[in-house]
Every structure is written in structure tokens, then in C-alpha cells.
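Trainee: Could you have a look at this structure, given as C-alpha cells, before my questions?
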Amino acid sequence: MKRPVLYFLYLLYTVETGVFLVLVPWSLIWVHSYFAQIPPLRAILLSGFVRGCISALGLIQIGMGAVDFLAFCRALKTP
């Protein structure tokens, strides 16, 4: 592995993005966001279906980070 620091930063970014996508749709940040204040979008953005879909994307992102982390650990062990 040529650049383990960059790869580690990528892993950190992936997991952080996933956690953000899982948590934010259910927080007050989501309710008070600019797009949630637009009447036609408000009902869509505050529906449980859309919030769940975005949280599912976050879980997928965290899963991708976990798989990449395992590959990173294996690559560090190989000479």
C-alpha cells in the first residue's frame, strides 16, 4: 500500500458521512433546514419514508467503510 494515510482519511470520511446520513434526517437540523421550509418540499422531506431511505443510504455507506477498513487491515499485513 503506497499511501496509507490517504486511505485512512478516505475511511474516516466514509464512516463520518454514513453516520451523518443516519442521524441527521431524524434531528431538528433536518426539520429546520432551508429546504424543509419550502411548502411543496416540506411534506416530502419530513415523511418517514424519505427519512428512512436517507438513513438506509447512511447504513450502506457505513457498511462500505467497514468493508474497506477490513481491506485496509489486510493490505497493511501483507508485505
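Trainee: Just name one of Phe49, Leu11, Thr78: the one whose Cα is farthest towards the positive end of the charge dipole of the chain (beta-carbon charges, Lys/Arg +1, Asp/Glu -1).
Mentor: Checking the options against the dipole of the chain, the answer is Thr78.
Trainee: For the chain, what does -39500 (n - 2.57) per DSSP helix run (n ≥ 4), summed and divided by total residues, give at 222 nm, in deg cm²/dmol to the nearest 500? All intermediate terms of the calculation are to be shown ahead of the outcome.
Mentor: Details: 4 runs with 61 residues, N = 79.
Taken over the chain, the calculation gives -25500 deg cm²/dmol.
Trainee: To test your reading of the geometry: what angle, between 0 and 90 degrees and rounded to tens, separates the Cα axis of helix 4-23 from the longest principal axis of the chain?
Mentor: The answer is roughly 20 degrees.
Trainee: Then there is this: I need the P(r) histogram for the chain: all alpha carbon pairs, bin width 5 Å from 0 out to the longest distance, whole percents.
Mentor: 3, 15, 19, 16, 13, 10, 8, 6, 5, 2, 1, 0
Trainee: Can you put Tyr7, Tyr13, Tyr34 in order of Cβ neighbours within 10 angstrom, beginning with the fewest?
Mentor: The fewest-first ordering by Cβ neighbours comes to Tyr34, Tyr13, Tyr7.
Trainee: Separate question: Within a 10 angstrom radius of the beta carbon, how do Arg3, Arg51 rank from fewest other beta carbons to most?
Mentor: Details: Arg3 9, Arg51 15.
Ranking Arg3, Arg51 by Cβ neighbours within 10 Å, fewest first, gives Arg3, Arg51.
Readers should treat all values here as calculations from the given coordinates under stated rules, not as data from a laboratory. Note that the structure is a prediction, hence the values are computed from the model and not measured. All Cβ positions, glycine included, derive from the backbone under ideal geometry; neighbour counts span all protein chains shown.
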